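Worksheet: one structure, shown below.
The values are calculated or read from the model by the stated rules, or taken from the named source; none is laboratory data. On a predicted model such as this, the values are computed, not experimentally measured, just so you know. Here the Cβ positions follow ideal geometry from the backbone for every residue, glycine too, while neighbour counts run over all protein chains shown. Only protein heavy atoms, including side chains, enter the accessible area calculation; ligands, DNA and RNA are left aside. Shrake-Rupley method; radii C 1.70, N 1.55, O 1.52, S 1.80 Å.
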Amino acid sequence: MYISDTHLKSFLADAGLVSQKDFDNAEREAKEGGRPVGDVLIARNAIGEDELRRTYAYILGIPFVSLTGTNIKYDTLALIPEPIARRNNIVAYAHKGDDLEVAMLDTDDLAAIDFIKKKTRLKILPRLTDAASLKSALKQYQQGLKDNLGDVIGRETAALESHMAEGEKALREIAEGVPAVRIVDTLLRHANAQGASDIHIEPLEDSLLIRYRIDGILHDAMELPKHAAAAITARIKVLASMRLDEHRLPQDGRFGAESGGEKLSFRVSVLPTYYGEKIVMRILRDSVSGFTLESVGFHGVALERMHEAMKKTTGLVLACGPTGAGKSTTLYTLLDIVNTPDVNISTIEDPIEYQMPRVNQTQVRPEIGFTFANGLRSLVRQDPDVIMVGEIRDKETASLAINAALTGHLVLSTLHTNSAAGAIPRLLDMGIEPFLLVSTLRVILGQRLVRVLTPEKEKHELSRDEQEQLDHFIDQGAVLRALKEEKVVAKDATWKSVPFYTPKETEANPTGFSGRVGIHEVLPVTSTIKELMMKNATADELEKQARSEGMLTMSEDGIYKAAQGITTIAEVLRVITE
């Protein structure tokens, strides 16, 4: 929103909101720093952000709306999907005929207005609002969806009961009936709106428990009547192309869906248990575009080392960590960096978690003999420049990956080890010769995911006991040095002056966390590391050497991010000691 400084000054002075002296000082600082004068006024606490926004609205003649305490109809709110509303700070609050009134923090965001106009095919009337109004409106998404979900599920499970009472119907007929379709569809939409990564449907003795994994932690979502289990299981089996009549053996499948304008894939696993079949659905958001190494948590020396490794045209880059540590997302982000028109990229995966444009992705099918090893043999005959192998599970796949790296390809893969240094002994245990590893390994990455604090976090001062406890996990000097080098803290800062934070529980966020970010250790295979590899050194010896060459361990990177206010010390220790 462009308003000349002269206009703003005269209005604020006339309204008695900011004194002329304060404005002149702010204007001087704004010119020196190349910032808008409004930002400087807010930073100096001369005027509140929302008050300034109201002033802009008045000067520009744009209607200003306050939505705090306003109950928006869910049908109107849902015209703009929640992810888009949150990302663009825009909500629909009134719909009459062909007109849709939307409240925004920035009415100059023409791209967002145009997108919503195309999506809704309505005439968009932008209105300016404040942060508190927007927050209040965004909260209503969850409540509206919960009420909507409760109504739909209550109604459809009752309908299901009466259908079942009519006599034992064929499973396919139940699965394709309106109640089962609506219940499963509502569950999937609700889980996606909550930001869940997995949906667990667990049969108990007299009920069906639904749980969501959100930010790596399982939460109870709801309990459904036991009689709904057969229909829900049958519906999911139909969607995932599984056998409906098989109840004694585990089954795997996948299907795609769309929710809130976002394409989703669901990876489904069905496992027989004592009280019925347990279903776990992993939600995979198909698009991975827009990720950068910085946005997934890399910084400083680690970031430089990753970019350096990706500039090479040959060699092996390994991502290590347990299941669910974000290894695949990191590899896809690396692929995105090298995904240019002059590069041929091929992958062999199990499963294909994200779909990437201009990348030839292949799914392994062990049941018909199409394994990582067989797929990799064929891949190298397809003239690729960059190869991604979903996981190195055995000696055969490891040998082929290393051979591909030796013969002019850049190979990316994952390995299940607890640390970056642990990858080398693991590959040696598989029977790979040390001299082959020395020739091919470029960089090894260790990774975990920690939950991110919401902006409402609270400051926390470390006690002496907490500082002593940290000494068991990290080299405090190395972390403090990194914080100073990257200008996160002042050059003369000590541990006492480093701020830490704890989560603040709010109605919108009972946990005080929202989203996750990676904590990493990046081990470059330098000449000294190569010497140790040739001597069959242990993981501890390799890690010690890497740390002496400037590597921050995962726990140290976690504490670095805690000092930035991104996460908490307790969260880092929880993830590292799991």
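Here are a few things to note about the model shown:
- A convex hull fitted to the Cα coordinates of segment 448-578 yields 116 cubic angstrom per residue.
- In straight-distance terms, cross-link reach from K504 covers every one of the lysines whose alpha-carbon lies under 20 Å from its own, apart from those fewer than eight places away in the same chain; here that gives K135, K139, K457, K459, K561.
- Shape analysis of segment 487-533 yields a ratio of the Cα radius of gyration to the Kirkwood radius, Rg/Rh, of 1.23.
- Averaged over its residues, segment 468-578 has an accessible area of 50 Å² per residue, based on protein heavy atoms and a 1.4 Å probe.
- Counted residue by residue at 0.36 nm each, then reduced by the alpha carbon distance between them, the extension gain from E176 to V438 reaches 88.7 nm.
- The modelled label-to-label distance between K504 and S295, using points 7 Å beyond Cα along the C-beta direction, is 2.7 nm.
- Applying the criteria of a DSSP loop state and at most 16 other Cβ atoms within 10 Å to the GluC sites (Glu not before Pro) of segment 423-469 yields E456, E461.
- Principal semi-axes in Å for segment 363-454 [√(5λ), Cα gyration tensor, largest first]: 23, 18, 14
- Calculated P(r) of segment 299-438 - Cα pairs past 17 Å, %: 58
- Listed residue pairs exceeding 30 Å between alpha carbons, taken from K118/K311; K395/K544; K73/K237; K496/K530: K118/K311; K73/K237; K496/K530
- The distance separating the Cα centre of segment 518-578 from that of segment 477-497 comes to 18 Å.
- Extension gain, N25 back to T323 (0.36 nm per residue minus Cα-Cα distance, nm): 101.8 nm
- When nucleic acids and ligands are ignored and a 1.4 Å probe is applied, E202 ends up with an accessible area of around 20 Å².
- Estimated distance in nm for a label pair at L406 and D342, the labels positioned 7 Å out from Cα along Cα-to-Cβ: 2.9
- Protein heavy-atom accessible surface, 1.4 Å probe, per residue over segment 298-455: 40 Å².
- The distance between label points at L428 and E549 comes to 1.5 nm (points 7 Å beyond Cα on the Cα→Cβ vector).
- Taking the protein heavy atoms of segment 385-468 in the context of the full set of protein chains, the accessible area attributed to carbon and sulfur is 44 percent at 1.4 Å.
- Under the Debye formula (equal points on every Cα, no solvent term), log10 I(q)/I(0) of segment 202-283 at q = 0.18, 0.26 Å⁻¹: -0.82, -1.38
- Percent of Cα-Cα distances greater than 17 Å, calculated over segment 262-344: 61
- DSSP bridge pairs, segment 71-136: antiparallel proportion in percent, nearest 5: 50
- Principal axis analysis of the Cα atoms in segment 504-574 yields extents of 57, 18, 16 Å, listed in decreasing size.
- Theoretical gain in end-to-end length, L204 to R365 [0.36 nm per residue, Cα-Cα removed]: 54.7 nm
- Radius of gyration, Dmax [segment 213-257; alpha carbons; angstrom]: 13.0, 35
- R0 of 60 Å, Cβ-Cβ distance K491-S378: FRET efficiency to nearest 0.05: 0.60
- Theoretical FRET efficiency, 1/(1+(r/R0)^6), r = Cβ-Cβ of R574 and A132, R0 30 Å, to 0.05: 0.40
- Loop GluC sites (Glu not before Pro), segment 238-345, which have at most 14 other Cβ atoms in a 10 Å radius of their Cβ (DSSP): E246, E294
- Ranked by the mean number of other Cβ atoms within 10 Å of their residues, highest first, the peptides 515-522, 358-365 come out as 515-522, 358-365.
- Beta bridge orientation in segment 272-409: antiparallel %, DSSP, nearest 5: 25
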